[in-house]
Each structure stands twice: as C-alpha cells, then as structure tokens.
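Student: I'd like to ask some things about the structure below.
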Amino acid sequence: MFNKILIANRGEIAVRIIRACKELSITSAAIYSEADTTALHTLLADEAYFIGAAQSSESYLNKEKIIKLAKEIGADAIHPGYGFFSENADFINEVEQAGITYIGPSAKSVMMMGSKTAARQLMKQHNVPIVPGTTSPINNSIEGVKIAKEIGYPILLKASAGGGGKGMRKISEAKEFASAFEATKREALKSFANDEVYIEKYIENPKHIEVQIIADKHGNYRHVFERECSIQRRHQKIIEEAPSSFVDEETRLKLTVAAINAAKACNYYNAGTIEFLMDKNKEFYFLEMNTRLQVEHPVSEYISGLDLVKEQISIAMGNKISFEQNDIKINGHSIECRIYAEDAENNFMPSTGILTEYSAPSGPGVRVDAGFKRDSEISIYYDPLIAKLILWAPDRSTAISRALRALDEYHISGVITNIHFLKKVIASPPFVSGNFDITYIDKQLDILLKKSTDLILNEEEDAAAIVSALLKNQTKSSSVYKLINGNNNRWEEQLYE
Ligand code: MV4
C-alpha cells in the first residue's frame with residue numbers, strides 16, 4: 001500500500017485525486033504555485049508544498065523540482081492528473097529512476113501512442129479500424145499527390161507528432177497539395193520539433209466517440225463503455241455524456257472490442273481512452289489514444305459505478321483490476337457540463353478574477369468536481385475550467401432536465417462564465433434529439449449566442465418550460481421548441497436535413 005502520493009497537478013483534477021487518497025487513507029501531498037495559494041487543492045490536501053512562480057514552467061512543469069520534492073517528502077507515488085506531465089515519457093522514466101511509482105502507463109506505451117503514424121501502423125496490425133490513409137510519413141509532394149488521388153479528396157494532412165487538433169490541414173484538390181504540404185511540415189517542425197506528416201481521408205461531419213478502458217500490469221483488460229464528446233469548440237470539449245445515444249448494442253460491441261485491441265497492442269496498463277471518429281453510417285475509425293485519465297472520466301464512473309482514480313492507484317500498486325467485465329453494466333445516463341470562466345459573447349475570451357460568489361448546485365444525481373471555492377482567484381496562467389457539473393439520471397431525457405435544473409442553481413460572481421451558453425446548448429433541439437456532430441457548435445454559434453433574437457432561455461421560465469416539456473414527452477424532443485416558441489420553426493429549418 002502507498003503511504004503518500006504526490007499530486008503533480010492543480011485544479012479540479014488535483015482535488016479529485018486528493019479525495020480518492022483520503023478515502024484510501026493515503027496521505028495526499030499537493031504542490032501549488034504562487035497563483036494557487038487560494039485554490040481548493042492547496043487547502044484540501046493533507047500536505048501542500050509551494051513549488052514556484054505562477055508560470056507553469058516554474059511550477060507544475062518543473063520536472064526537477066517535483067521529483068526532488070517527492071523524494072524529500074517520502075512520497076511512494078506520483079499521480080500526474082491530465083495535462084502537464086501526464087503524457088510525458090521522459091517524466092515517467094525519471095520518476096521511476098528515482099524509485100517512485102508513476103500512477104499511469106509505462107513510458108513505452110506513451111511513446112508508442114505518441115507517434116500517430118506508428119500508432120496507426122500498430123492499430124492496423126491489431127485489427128483496429130483506422131481512417132483510410134498512410135501509416136508512414138509522406139516524403140515529398142509528388143508522392144503525396146499520388147496517394148491523395150488514390151484515397152480521394154478531400155484529405156487531411158496531419159503531423160505525425162501532433163494530436164488534439166494541432167498540426168492538421170485540409171486539402172480539397174491536387175493543386176493545393178504542394179504549398180499545404182510545405183506549410184504543414186513547417187508548422188509541425190516548429191510545434192513538435194518533428195516535421196513528419198501523413199495523409200488521412202477527411203471524414204465529413206463525424207461524431208467523436210471514445211471508449212474508456214482500464215488495464216493492469218498482469219495483462220487484464222476491461223472497457224468502461226463509450227462517451228459521446230462531439231459537443232466541442234476549437235478542440236475544447238464543452239459537454240460529454242455516457243453512453244452515446246447514437247451507439248446501438250451491435251456497434252458498442254465492435255467499438256469496445258476495437259478499444260481493448262488497441263490497449264493490448266501497446267501493452268497498456270492504467271486507465272486510458274481510445275478516440276474514434278464515427279460517421280453517419282456508424283462506421284468508426286481509430287483517431288488516437290489518450291494515455292491518461294481524462295477530464296470527462298466522471299460520466300463513465302457514474303454509469304458504471306466505478307472509481308477510476310482508485311482503480312488507477314490500485315493498479316499502480318501492482319494489484320489486479322478489481323472487477324470482471326461482466327460485473328459492470330450501463331446504468332442510466334450521465335452528462336458532464338464544463339463550467340468555464342469565459343465570455344461566450346466575446347469570442348469565448350477567458351475571464352479572470354476572484355470568485356466573490358460561488359454557490360454550486362446539489363440534490364439528486366448531481367456531482368460537482370470543482371477546483372475553486374468562494375474567494376478563490378481564477379488567473380490567466382492556466383486553463384479556464386472552474387468546475388465540472390456532472391449529472392446522473394435513469395435516462396437521457398431526465399438527465400437533460402436535471403442538467404438544466406442544476407445549471408439554474410449555479411451562482412458564480414466575479415468572473416464571466418459559460419453557464420448561460422451551456423443551458424442554450426443543452427436545451428437546443430439538436431442536442432435533445434442527439435442529432436449533432438463535431439461541427440455543431442461552430443455551425444450554430446450565432447443561434448446559440450445571446451445576440452440571436454430568435455431564441456431561447458432568456459427568461460428563467462423558458463428553462464422550466466423545457467424541463468416540463470421533456471418530462472411530458474420523453475422522446476419527441478423537437479416539439480419542445482415549438483412549445484416554448486409558439487410557431488417559431490427556425491430550428492427545424494436550419495438544423496434538420
Ligand atoms: C480528423 C477529422 C476528420 N477526418 N481526421 C481533431 C483533433 C484530432 N484528434 C483529430 N481531429 C480530427 N481528425 C479525419 N481523417 C476531424 C477532426 C476534428 C475533430 C475530431 C474530434 C473532435 C473534434 C474535432 C474537431 C475538429 C476536427
């Protein structure tokens with residue numbers, strides 16, 4: 001058993017890990033920067049150590065300081081959370097060389113999945129469907145044009161060392177190829193110190209579906225079903241749910257088998273996520289693997305009853321996974337809303353300040369994972385995520401009603417938040433019906449913003465009307481808008497093909 005875990009992170013995920021440690025009677029040691037003296041993780045941990053200036057490079061991204069501190073305070077293990085050092089093979093090696101257990105995968109697994117071309121090659125060998133395209137880098141644009149023609153335009157050029165949306169370029173015809181190829185290579189070299197690029201067929205209007213997996217150091221692999229993560233803007237997810245209302249049992253079986261094969265292919269242990277794109281015919285393609293705990297893990301916890309952080313800690317100690325695949329079933333529906341300090345009406349500009357009021361919702365089926373409390377300061381230095389609001393209900397409609405109810409209960413002053421924007425998205429017919437893909441927010445931004453005069457939720461009573469309409473009519477949700485907007489049919493005109 002570990003006696004002490006150092007949490008090499010901040011914000012809500014550090015708090016999440018501290019809570020798991022407390023329930024396991026493991027001493028939690030937080031690190032905090034100058035900007036986080038009033039943050040919740042600093043206050044809640046059993047021990048908190050000042051690590052340096054607000055700038056991440058001086059604190060949360062200072063490998064030497066963190067490992068030195070872990071040794072000094074007698075930490076048995078380090079949990080990286082997400083972001084920062086969570087997918088850094090060098091960090092894992094140095095932690096392990098210091099005789100400390102890394103709560104995460106092996107450095108080798110992280111490296112194998114870090115190169116997108118190598119990962120695609122590996123997936124192909126292990127029967128995981130990949131997007132049509134190359135599994136090795138393109139040498140020159142003459143070769144590239146030839147391959148693109150075979151695949152068929154449009155295609156995407158992607159950096160081998162990229163991921164998460166950085167280093168991609170869409171090409172629609174051969175004459176664009178040469179200049180796009182050079183530009184993508186230049187950017188890749190600058191961003192990732194590696195100029196290798198490869199080709200994928202461009203998948204139009206897909207959904208982003210990912211599978212939570214967990215594996216131990218004894219070769220046992222489990223999946224924890226899928227998450228729907230298509231509601232995003234500029235690669236920042238806004239709302240996630242589990243399960244996906246688009247995935248039927250047959251597709252789920254194929255998807256989860258593929259995800260487990262992907263994990264086996266890199267001898268994975270720890271919690272991990274396999275990302276897929278899914279087209280409207282429910283064909284799915286491997287995108288990348290996230291070799292870490294993810295922001296949206298709570299929706300999978302809610303529908304499965306698992307504690308993924310405790311499971312990670314147990315696996316790191318060398319234990320076997322605590323459950324068999326058949327022990328877990330999808331129970332109900334869960335939705336996560338990311339509460340950001342940002343101004344939706346002002347190009348989603350981050351908003352900073354002191355939380356002069358912070359009152360979170362509660363009640364049945366409500367979980368709030370927050371990194372701050374009243375009087376905490378939201379600074380410019382880090383991600384603008386204030387908290388995650390996670391709802392559970394027996395079915396999706398009830399979870400939607402609950403999300404709107406809980407968002408109504410949220411009261412935050414001192415910074416601008418996206419709470420109003422979240423309400424609009426959740427109450428919109430495409431969201432309610434499940435008829436959305438990764439392009440939804442971008443395409444419907446005007447109508448989702450307050451400045452749109454047509455719609456919705458400008459009054460508190462609108463939310464109440466939506467909730468009651470949902471409860472009366474659990475499936476035919478497009479009627480909700482007619483109900484509250486009289487004969488306003490704009491949504492149907494704009495959004496239904
Ligand atoms: C794609 C794609 C369409 N076709 N690949 C963006 C992030 C990176 N992980 C991969 N991404 C995409 N790859 C092919 N062949 C569209 C995206 C994409 C996307 C994917 C998942 C979630 C949100 C996205 C937003 C824009 C583009």
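The values are calculated or read from the model by the stated rules, or taken from the named source; none is laboratory data. Please read all numbers here as calculations on a predicted model, not as lab measurements. In this analysis, Cβ positions are derived from the backbone assuming ideal geometry, glycine residues included, and neighbour counts consider all displayed protein chains.
Student: Taking the range 314-350, which residues are touching a residue at least 60 places away in the same chain (Cβ under 8 Å), over 30 Å from residue 232 (Cα atoms) and part of a helix (DSSP H, G or I)?
Tutor: Within the range 314-350, 315, 316, 325 qualify.
Student: Scan (1) modelled with pLDDT of 95 or more; (2) within 12 Å of the ligand (Cβ to nearest atom) for the single condition residue 103 breaks and write down its number.
Tutor: Among (1) modelled with pLDDT of 95 or more; (2) within 12 Å of the ligand (Cβ to nearest atom), residue 103 violates only (2).
Student: Evaluate the following for residue 212: is it within 12 Å of the ligand (Cβ to nearest atom), outside any helix (DSSP H, G or I) and of a type in the set (S, T, N, Q)?
Tutor: No: the conditions fail for residue 212.
Student: Checking the conditions here, which among 187, 196, 173 is more than 11 Å from the ligand (Cβ to nearest atom) and modelled with pLDDT under 95?
Tutor: Just one listed residue meets the conditions, 187.
Student: Can you pull out the residues in the range 39-75 that are buried (at least 17 other Cβ atoms within 10 Å of the Cβ) and polar (S, T, N, Q)?
Tutor: 42, 56, 59, 62 - these are the residues of the range 39-75 that are buried (at least 17 other Cβ atoms within 10 Å of the Cβ) and polar (S, T, N, Q).
Student: Identify, by number, the condition in (1) more than 23 Å from the chain's Cα centre (by Cα); (2) buried (at least 18 other Cβ atoms within 10 Å of the Cβ) that residue 201 doesn't meet.
Tutor: (2)
Student: For the range 218-276, which residues satisfy the criterion of being farther than 20 Å from residue 332 by Cα, away from the ligand (no atom under 15 Å from the Cβ) and part of a loop (DSSP other than H, G, I, E, B)?
Tutor: Selection gives 218, 219, 220, 266, 267, 268, 269.
Student: What's the number of the condition residue 51 fails, among (1) outside any loop (DSSP other than H, G, I, E, B); (2) closer than 30 Å to residue 299 by Cβ?
Tutor: (2)
Student: Here is a further query. Within the range 307-317, is even one residue more than 21 Å from residue 214 (Cβ to Cβ) and either of a type in the set (Val, Ile, Thr) or more than 19 Å from the chain's Cα centre (by Cα) (or both)?
Tutor: So far as the range 307-317 goes, no, none of its residues is more than 21 Å from residue 214 (Cβ to Cβ) and either of a type in the set (Val, Ile, Thr) or more than 19 Å from the chain's Cα centre (by Cα) (or both).
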